[in-house]
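The structure under discussion appears below in the form of structure tokens.
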Amino acid sequence: MNTAANVLFADMNKNKTTQPPIVTVIRYDICNYEMDSTCSGIPSDAVNKLLDIIQYTGWECTDCRINSQQKIDKLQAALTLVNEKLSDLMATVDNIQQITAGHTENDNVVSKTDIK
Ligand SMILES: [Zn+2]
């Protein structure tokens, strides 16, 4: 997990003489949505504690939490189907190899240049 790398800090006050708050941007791990700490209404000390925690736990929105599981379920179902098709295909290839081997042993008619 590289959550720590997904947490960006931006100081928007470099060219100003006043002392506006430092903006912390938290990027969601799955959808890459960025939450601006000053717009979220979360106090800055709470944001700092949050950053300490999410570097280990990750950070995701409710939509991603729900939809990701559904996507994983669909991918697993699709992978099962692909495995079944692959198994059928391998069985067909085995049959073709056996037939081809039988022909080359018996009559030596088939050569590599005959296969297009
Ligand atoms: Zn999300």
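Every read-out reported here was derived from the displayed coordinates using simple, explicitly stated rules and does not represent laboratory data. Nothing here was measured: the structure is a model prediction, and the numbers come from that model. So basically every Cβ, Gly included, is an ideal-geometry build from the backbone, and we count neighbours across all protein chains shown.
Tabulated data
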| read-out | value |
| --- | --- |
| Cα lying deepest toward the dipole's positive end in region 63-107, options V93, L75, H103, charges on Cβ | L75 |
| Dipole in debye (nearest 20) - region 63-107, about Cα centre, beta carbon charges: Lys, Arg +1; Asp, Glu -1 | 460 |
